1. Under the Karplus relation 6.51 cos²θ - 1.76 cosθ + 1.60, θ = phi - 60°, what is the ordered set of whole-Hz ³J(HN,Hα) values for region 564-569, x standing for Gly and Pro?
2. Suppose we flag GluC sites (Glu not before Pro) only when DSSP calls them loop and at most 16 other Cβ atoms lie within 10 Å. Which is the longest uninterrupted stretch of the chain?
3. Classify region 463-558: rounded, prolate or oblate, from the alpha-carbon gyration tensor (a ≥ b ≥ c, eigenvalue square roots; a/c under 1.5 rounded; otherwise prolate if a/b is larger than b/c)?
4. Around ARG134, which amide H atoms from residues at least 5 apart in sequence, or from another chain, sit under 5 Å from its own amide H, with H modelled in the peptide plane?
5. Given Cβ point charges of +1 (Lys, Arg) and -1 (Asp, Glu) and nothing else, what value in debye, to the nearest 20, does the dipole of region 562-610 about its Cα centre take?
6. Would you mind checking which residues have amide H under 5 Å from THR562's amide H? H placed 1.01 Å from N; only 5 or more apart, or other chain.
7. Roughly how big is the chain's charge dipole about its Cα centre, with Cβ charges of +1 (Lys, Arg) and -1 (Asp, Glu), in debye to the nearest 20?
8. Which ³J(HN,Hα) values, rounded to whole Hz and listed in residue order, are derived for region 350-358 from phi using the Karplus coefficients 6.51, -1.76 and 1.60 in 6.51 cos²θ - 1.76 cosθ + 1.60 with θ = phi - 60°, glycine and proline given as x?
Amino acid sequence: MEKLLISLSDAFATIPDRVLRFKSFVLSSLVITTIVMSYGIYTRTELDMTIDSFLDQSDPAILALNEYRRQFGSDDSVFLVYRAKDGDVFSRQSITAIQQLTQDLRYGANLNRNDYPESINGIDLDFEELNRIRRVQSIANVRYQENVGDTLLSRRLVPSQLPDSDEELAVIKANALQQEDYLLAFYSADARYGAVMIQTDFGARPVDDYVSAVDATDIALDDSFGGFDAFNSDGGFDLDFDESVEIQEVIFEPVDMLGYTSFHIVTKALYEKYSEQFDFYPVGNPPLMEFMLNMLNQMMVLGVVMVLIFTMLLWILFRSFSAVLWPMVTIAASMIWTWGLTVWLGVTVSQMISLTVLLVFAVGIADCVHVMSAYFSFRRDGEDHYKALSLSYGKTGLAIMVTTVTTMAGVLALTTSDLLPIKVFGLMSAFGVVMAFFFTMVLLPILLDLWHPGASDKTDASFADRLGKRWQNLYIGKKAAIFITYIALVYLLLDFYVATYIVVITVLTYVVVNWQKQILTYVPYIVARHPYLILMIFASVFGICAYGTSLVKIDSNMSELTREGSVLRTAYEIVDENMAGAQSMVIMVDTNTTDGLLNPNVLQAIDQLQTRIENRYSDQVSRT
């Protein structure tokens, strides 16, 4: 084993020389491929953050969902809950405003575009997105049924022409609160909150090249359609059905995050026009996707901040612009190849892409810092550039390879998950880690050969060394004051748990850096004298952690992944507390026969199922 490790180290030491022999060819190939990958990122990236994206398209749940959409249309909708600022959704002011909003949503083509802003949050308003609306329901247009003698009447819950007197409005409100089918669906029990249901066609539009089989030119009506004047003994038509015919599969167009966001932006422009009368709390996929897009934009800003922080740290460590620039170029190339190859293969990415980028960045920066640190060390010892480069790779190459393999093996374990985004994250992260290793081995030597740091003097202390020396020269009082100020600022600027984590890490780092020799001296001594005690401590901690894993609860509520007080979480809490709830479930029944729902036994079974769900899950089901 020792000979194998030495052979591997020697092999890594020869990599810079081998790469530099063909540096023009290697560098030009890498640049061309990186351009191709970049083009793929900008033209082929599809972000899907919907719940559907967590399952493979061949999953039975997705197949059932597609069948539901084929039979009934889209299941995507926006539940637009509003709070009347005058405290009553049935007041004259509130009803008039909601009637107008309902009309705006139903007849978007008739709107005057000049009454609305050109963009919201930097996204242009596309009024064509309103064509996705299939149906709009609110107290302004829903109807209820009433028996009057032998007549079944269908009346508007709220008449289109409001009565003049407040007493008649009070009668309308009292009648509405007695309609159990609409209570909590379109207004809360205290009438402070109301709702507009906006049903869309997201996920139910066939792909552009889809052609229905019945539209084919060779399709003709069967002869049984010709005798409409001939009734059978039951008073119906004698039509023949071919029960063995194969039903054409409908392929629906995918919906990406930008599609949902564009729709929500234009609907937001419509309802924000009535912000003087209402506070709005939209829930559903479109507002959720807009929130996620804003979150991704924030993560991009945080990514830039992270790059600036690491740039500053690299400058503090090496005090060389080339030592700062080339590691960043190496990491950027790793990310581009990872992302680019994924989208060129036609894989749809999710919000997990941000975690992949962070992992590749962390691994890549560690690989580069290992090499650069060794390179600077050998340069300070008087070695020339090529010798230092070879020695640094010989010293660090094996360690980098081992960490790459172990990290890759760890993330590849995620590919066993049944959730597609987790599986894609595992594959992308594993490939990204390999790319970070590849570019550290192949690209970094070429870049350092193009522009490498000069030799540094042993006596030339780095900025970090000078800063540490100044800290050591401070007396204990100043150190304590600086430390207390630092802790206060951390807790003031950050969340309590995050701040506590940072403070604990800071203290541990300070202890290790300042007393590492004493720690390395006494830890083996303590372990050797009390091995069983150490084992018992670790076994106890392991047992506590194992018990903790049994208490883990899986929560798929997307809103609770956000911080308290966020726009999304507030909206979902308002809907859950005052209306029927923000989440729903649809059970589709396939009787496998024509007119199967006319069977009394089937209808009784459905009724029993509904009653059973209401009774068994009474604390979770608000209405069925």
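What follows is calculated from the coordinates using simple rules that are stated; it is not laboratory data. From a predicted model like this one, the values you see are computed outputs, not experimental measurements. In this analysis, Cβ positions are derived from the backbone assuming ideal geometry, glycine residues included, and neighbour counts consider all displayed protein chains.
1. Residue by residue, region 564-569 yields 5, x, 5, 4, 5, 5 Hz.
2. Working: sites that count: GLU46, GLU118, GLU180, GLU243, GLU246, GLU249, GLU276, GLU564.
By the stated rule (loop sites, at most 16 other Cβ atoms within 10 Å), 277-563.
3. Oblate shape, in that a/c is at least 1.5 and b/c is the bigger or equal ratio.
4. Amide H to amide H, under 5 Å and 5 or more residues apart or across chains, ARG134 pairs with GLN199, THR200, ASP201.
5. My answer is approximately 140 debye.
6. none
7. 5240
8. Result, rounded to whole Hz: 10, 5, 5, 4, 5, 5, 4, 4, 5.
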